[in-house]
1. Can you give me the Kirkwood hydrodynamic radius for region 357-440, using every pair of distinct Cα atoms, in Å to one decimal?
2. Any idea how far the Cα center of region 53-85 sits from the one of region 354-419, in Å?
3. Going by C-beta contacts inside 10 Å, put 462, 399, 457, 235 in order with the fewest on the left.
4. Quick one: 3J(HN,Hα) in Hz for region 238-252, Karplus 6.51/-1.76/1.60 with θ = phi - 60°, rounded, Gly and Pro as x.
5. About the Cα centre, and with charges only on the beta carbon of Lys, Arg (+1) and Asp, Glu (-1), how big is the dipole of the chain? Nearest 20 debye, please.
6. Kindly provide log₁₀ I(q)/I(0) values, in the same order as q = 0.12, 0.14, 0.15, 0.20 Å⁻¹, from the Debye equation applied to equal alpha-carbon scatterers of region 199-342.
7. When only alpha-carbon atoms count, how far does region 60-136 stretch along each of its three principal axes, as whole angstroms with the largest first?
8. Evaluate E = 1/(1 + (r/R0)^6) for residue 435 and residue 232, where r is the Cβ-Cβ distance and R0 equals 51 Å; express this FRET efficiency to the nearest 0.05.
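No value in this document is a laboratory result; all are computed from the given coordinates. Only a predicted model underlies this, so the values are computations on that prediction, with no experimental measurement involved. Quick reminder, even Gly has a Cβ in these numbers, built from the backbone with ideal geometry, and neighbours come from all protein chains shown.
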Amino acid sequence: MQKAISRTLLASASFAAILSTTPYATPGLAADGIELIGFGARQKAVAGADVADSVDAMSMSINPAGIVGMERQYQFGISAEMPVRGYEASGPLVVLAPGDVQSGRPIFPVPNSANVSPIDAESAWGTVSYGNGGINTSYGMGNFKPPIYAPAFPLPGVASPLIGPSAGGPFGGGFAGIDYEQAFFSVVYAHKIGAVTLGLAPTLAAQTLNIQGIKTLAPWSSDPYHLSDNGYDYSFGGGIRLGLLYEITKGLRFGAGGATPMFMTQFGKYAGAIGQHGKLDVPADVTAGFAYDLLPELTIMVDWKHIFYSGVPAFGNPSTPIGLGALGSFGGPGFGWRDTDSEAFGVEWRATKQLTLRAGYRHSSAMIGSQDVTLNVLAPAITAHHATGGFKYELTKNSSIDFAAVYAFKNTLSGQENAPYAAFAYALPSPPYPVSSFPVVVPPHYGAGTNVTASLSGLELSLSYTYKFDAGDNSWIPTHF
């Protein structure tokens, strides 16, 4: 048994290392903020409403308690994210380029893998690796942010000083966007005591971050040299995920899962852009729900999830006001994200011995207010309604494939542009003026007559393969499929 466990752990760790080289970039599509609504194809097909109904290895990414009673199995999968995101802006803008600005890079791969190994009738262990959302925007040079000059001085012979230079792009700093990616690897143990099963999953986390095109905001950064265009930076850390599964009656189950914050190292290259000098922890979350077998072949599921974005200052701090040296500082501006709640409903119909059909719906509460829309054009995590569906097909008694589709309906967020603090001086010719300059201070404000509307919609397709070993088969590589 010990040799089999060692082989399985080695294989899983090796696969996780391979996956870690693949980008886990998503722009908040099909997600509650930056957290995906599911990681395996089965989870996505039922809108993530499976905390009380674990049927495959990837389920332990939500509820580590659900693996007791499963056959020994491997599962590998990949999702293709296809978002449509961007913004429209108009009026006397000072931060953003005007017009209809759309992000590029429309397709992102997000892989996952898991395995389960029973220990005895009451306990099991496994490993799971997955990508969990992130942020990605990629704005080109098609829209030009013009330089900003001070208003004309009311007396002749005085030139208007340049306040904000521009090199093109939506923020005047050229090609702009954020690429924020997350990857997780957990070792899971679950044990059943009567009708209750408990699960524990110590989790390692890795993040990457690249910010481009916002160097024109250098005067408002606490560390201008670590604000923008510094290439990819890396952050590492971890936390713990816990799970519970309770069989209330035959056919009715209650499940709960949750994770501590993933405490991460700082992003040193972007300490002048991300709050708390680059400290970007992964927020804690909690999920609870019920599953009921309405018929022997029909299961319905309902879930509720809460994510504590406000507990991470870089996410939760308001994005305004922006003063000199504010970006990246302790207590400085964040994205203004509130805690989010989501409700999910899923249904699974085992239509035949080989074919299972699934569908679901998920709603997520608004996490960004109109006052924070300006900075959030870089991270438009604003989807609210998701429709999902999919199927499982058993190729053989050992092998099966799962497919899921998730559609995030278009959602928008509108507000006035958030203009930062500005100070400048008019150079006055002397004579005839008694002073050589006329200083002007403009406090942070919302631009009158401006409008910024961020939008996000898209499609996600997922496919996974599961192999279940025969009872007593302790081989590393399957001998038949």
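1. Computed over region 357-440, the radius equals 18.4 Å.
2. Value for the Cα centre distance between the two parts: 17 Å.
3. Lowest count first: 399, 457, 235, 462.
4. With coefficients 6.51, -1.76 and 1.60, one gets x, x, 9, 10, 10, x, 9, 9, 10, 7, 5, 9, 5, x, 10 Hz.
5. That gives a dipole near 340 debye.
6. For the requested q values the scattering log ratios are -0.60, -0.73, -0.79, -1.12.
7. That gives 68, 19, 13 Å along the principal axes, largest extent first.
8. Here the calculated transfer efficiency is 0.55.
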